[in-house]
Amino acid sequence: MSFTRVRVATIGGVLVLPLMVSAGTAAVPAETGNVGRDQPHAVEYVVAELGPASGGTASASNSINNIGWAAGTSTLPEGVVHATLWRDGMPTDLGTLGGPNSAVLWPNKNTNGLVVGVAETAEMDPNGEAWSCSAFFPSETGRVCLGFVWEDGEMRDLSTFGGTHGFATGVNNDGLVVGWAETPRKDPSCTDRDQVLEFVGAVWDTRRGDRIRMLKPLPGDDSASTGNAINDRGQVVGISGSCDQAVGRLSARTAVLWHAARGRPIDLGNFGSEAWNTPMAINNHTVVVGFANAADAEGADFDAVPFRWTRLDGMQQLDTLEGEPNGQALGINDHGLVGGLSRAERDTAVIWKGDEVIDLNDLTPGYDGHLDYAGDINDDGVITGGATSADGQNVAFIATPVDD
């Protein structure tokens, strides 16, 4: 799932997530930099399609946690999308904040019953901004978008820094939610008329009444930042740049990492382009995956390749399938197995084991559809994402590894 007005948010069309278990903090493994070279992967997977909620027409999934909850979106008959949670294959419509649309768009790893995402409210935006959510919804509605937490069957909104809009992406097992939100300040680096106000990365603490804290951009000329994912160490990855179009493109000038307790951003590097450098996930060994514009990208045009970052090796480009120049790494488990997509004329779901890229469709001989993207992978090796079914419908899936 990428941020862009040209709907690079089509990592298969739409996206999703899961969660729950007893309260408490999960044990955090030592930081080993495991990149999956020693992770066995199944020779084959069994694919189960996840149907939409509320009589919908399409579905997509972007997240799966370690108890098998998947989350993403359902397209409803009236043409709107709603955040959806699948437990044991059964969909639950998570609703909205009073507006028409909502979605879960990033991997969420909480196993204590929290699901986070973005939803429209009934309120109209006085500044007429498109905001970040418009890239992921069927159309621009002019509504205010806010990050949400879904817990115990109820959706609640998350505050901003005094501005209009917010957006939530990930949540860890300490109940820390990350995303971004607006301040009241007009940002002169907003070059697109669809964005007016400054926005910066945010951490909300659900243990303390959803109290919000700022993730500042890199020092210097950067005015914008986002928090995209958080692990159980409290490490956050996201982007730093100028306001531009909120978000993506030049707001993703630099991929960065913060420790949530300190809030000091670390530059993760790039491949020579100052656009679309976007971390998507971080595991508990501080291995980061995402996508970044290729070294030969023209200006701010979207020309993404997948990457993996470790403290030892820095940012390294991951291979794509033969003949397919572009791709995105979207999720990673604590064994270092990575899921994502390889892109040419159509998207193809792939996994990376170490440096090896594998077409997930080659490992699912019993499935008649086409797996478009692998949005996330849990520590049992179960993969979720989006597919095109045998009858041509967009549908979420779970791929479960089978023993030899």
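The values are calculated or read from the model by the stated rules, or taken from the named source; none is laboratory data. Quick caveat, the model's predicted, so the values are computed rather than measured. With ideal geometry, Cβ positions are generated from the backbone for all residues, glycine too; neighbour counts draw on all protein chains shown.
Between Asp313, Asp376, which is surrounded by fewer than 23 Cβ atoms within 10 Å (Cβ to Cβ) and of a type in the set (D, E, K, R)?
The conditions single out Asp313.
Residue-by-condition table, conditions (1) assigned to a strand (DSSP E or B); (2) surrounded by fewer than 22 Cβ atoms within 10 Å (Cβ to Cβ); (3) of a type outside the set (S, T, N, Q); (4) touching a residue at least 40 places away in the same chain (Cβ under 8 Å):
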residue: Val256; (1), (2), (3), (4): yes, no, yes, no
residue: Gly263; (1), (2), (3), (4): no, yes, yes, yes
residue: Gly272; (1), (2), (3), (4): no, yes, yes, no
residue: Ala275; (1), (2), (3), (4): no, no, yes, no
residue: Gly290; (1), (2), (3), (4): yes, no, yes, yes
residue: Gly299; (1), (2), (3), (4): no, yes, yes, no
residue: Arg308; (1), (2), (3), (4): yes, no, yes, yes
residue: Leu321; (1), (2), (3), (4): no, yes, yes, no
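If a residue must be among the charged types (D, E, K, R) and touching a Phe, Trp or Tyr at 6+ places or on another chain (Cβ under 9 Å), how many such residues does segment 373-404 contain?
Count: 1.
Quick check: anything in segment 45-61 of a type in the set (Phe, Trp, Tyr), at pLDDT 95 or above and part of a loop (DSSP other than H, G, I, E, B)?
No; the residues of segment 45-61 include none that is of a type in the set (Phe, Trp, Tyr), at pLDDT 95 or above and part of a loop (DSSP other than H, G, I, E, B).
Looking only at segment 55-74, which residues are touching a Pro at 6+ places or on another chain (Cβ under 7 Å), among the hydroxyl-bearing types (Ser, Thr, Tyr) and crowded, with 24+ Cβ neighbours inside 10 Å?
Ser59, Ser63, Ser74
Would you please list the contacts, defined by Cβ atoms under 6 Å and residues six or more apart or on different chains, that run from a residue in segment 183-205 that is within 16 Å of Pro126 (Cα to Cα) to a residue that is of a type in the set (Lys, Arg) and part of a strand (DSSP E or B)?
Every condition considered, the pairs that remain are Val196/Lys186; Glu198/Arg185.
When you look at Asn326, is it within 21 Å of the chain's Cα centre (by Cα), farther than 22 Å from Val237 by Cβ, surrounded by fewer than 24 Cβ atoms within 10 Å (Cβ to Cβ) and not β-branched (Val, Ile, Thr), yes or no?
Considered against the rule, which asks whether it is within 21 Å of the chain's Cα centre (by Cα), farther than 22 Å from Val237 by Cβ, surrounded by fewer than 24 Cβ atoms within 10 Å (Cβ to Cβ) and not β-branched (Val, Ile, Thr), Asn326 comes out as no.
Under the condition of being among the small types (Gly, Ala, Ser), part of a strand (DSSP E or B) and more than 18 Å from Val144 (Cα to Cα), which residue from segment 202-229 is nearest to the chain's Cα centre (by Cα)?
Ala229
Looking only at segment 139-146, decide whether some residue is in a loop (DSSP other than H, G, I, E, B) and surrounded by 24 or more Cβ atoms within 10 Å (Cβ to Cβ).
The answer is no, given that none of the residues of segment 139-146 is in a loop (DSSP other than H, G, I, E, B) and surrounded by 24 or more Cβ atoms within 10 Å (Cβ to Cβ).
Could you please give the count of residues in segment 365-403 that are under 16 Å from Thr75 (Cβ atoms) and among the β-branched types (Val, Ile, Thr)?
2
Please enumerate the residues belonging to segment 151-172 that are surrounded by fewer than 24 Cβ atoms within 10 Å (Cβ to Cβ) and touching a residue at least 60 places away in the same chain (Cβ under 8 Å).
Met155, Asp157
Step by step: first the residues of segment 106-150, then only those that are acidic (Asp, Glu) and in contact with a helix residue (DSSP H, G or I) (Cβ under 8 Å, 6 or more places away or on another chain), then the one that is farthest from Arg233 (Cα to Cα). Which residue is that?
Residue satisfying both the conditions and the ranking: Glu140.
Could you please find all residues in segment 254-275 being among the charged types (D, E, K, R) and at pLDDT 95 or above?
Asp267
Quick one: in segment 173-191, of everything that is among the small types (Gly, Ala, Ser) and crowded, with 24+ Cβ neighbours inside 10 Å, which residue is farthest from Thr92 (Cα to Cα)?
Restricting to residues being among the small types (Gly, Ala, Ser) and crowded, with 24+ Cβ neighbours inside 10 Å, the top hit is Ala181.
Restricting to segment 348-404, and then to whatever is of a type in the set (D, E, K, R) and under 17 Å from the mean Cα position of the chain (by Cα), can you tell me which residue is nearest to Asp334 (Cα to Cα)?
Top of the filtered list is Asp376.
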